[in-house]
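Heads up: the structure comes next, in structure tokens.
Please treat every number below as a calculation from the coordinates, not as lab data. Since this is a predicted model, take the numbers as computed values, not measurements. Ideal geometry is used to build each Cβ from the backbone, glycine not excepted, and the neighbour counts take in all protein chains shown.
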Amino acid sequence: MKLEDVLILLGLLGCIYGIVLFIRSFFKKTPKKPGILIFIGSFLIMLSGGALMNTYEEKEKNSRTTFSQESTTFSFSESTYNEPVSSEPTSDNNVSREFTNALESAKNYLKFTNLSKEGLYNQLIFDKYPEEAAKYATETIQADWKEHAIGSANNYLTYSAFSQESLSSQLTFDKYTEDEIRYALENIEVNWEEQALQSARQLQSFTPLSNQALYDQLIFSGFTEEQADYALKNLSE
């Protein structure tokens, strides 16, 4: 099972569990917030999985189209795959096929999506590459991990609203380093007040909330008091 399938499955199960908790709260007189938060978090995870799957499918479709239109020459030896001439450094001919394949898989992942160095390593381990091969691939590949952190941040903001704190937590979950996260947050173009407003609208679409409950939820999500106030003042009646 691929990473995107796991994310979608976990998100779906989490959404179902959150709905069950929310409905149960009406009968058991328990707080509704845990169910709402679980549903929202799971829904975001499911969206991430869907986005990742769509990206893979689109890139694969484009790759097939390009392959059918261009004549590319490949040459094979016992343990080496020779790519067409490229500006990228080629694999070391002295390494094993397993190491070379791990490096090629790593390159393909970074063409399709944004990953941290550790996230890429974990994906290669998930693909059953030996630890030594996964380490070789992540140490050999040339990648600007800070730019990947920016790409990941922008992807998240495309599909949902985040506070600066919650986006930082998400990038930490994706195994970016503190320096990479700081760079991403300083270089993305985002209006956090508008993110708070968007988050308030999303929360209201799930369930009706009083102004105080909505304010508390925005604060819980990592928005500042000023950002939460802005959201409430600009939320349509």
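What the table below lists for this structure:
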| quantity | calculated |
| --- | --- |
| From Glu131, Glu98, Glu118, residue being free of Cβ contacts under 8 Å to residues at least 60 places away in the same chain and closer than 22 Å to Asp179 by Cα | Glu118 |
| Qualifying residue in the range 187-197 (condition: farther than 30 Å from Thr138 by Cα and small (Gly, Ala, Ser)) | yes |
| Residue match in the range 202-210 (condition: in contact with a Ser or Thr (Cβ under 8 Å, 6 or more places away or on another chain), surrounded by 20 or more Cβ atoms within 10 Å (Cβ to Cβ) and assigned to a helix (DSSP H, G or I)) | no |
| Filtered residue count, the range 171-210, keeping only those that are under 19 Å from the mean Cα position of the chain (by Cα) and of a type outside the set (Gly, Ala, Ser) | 20 |
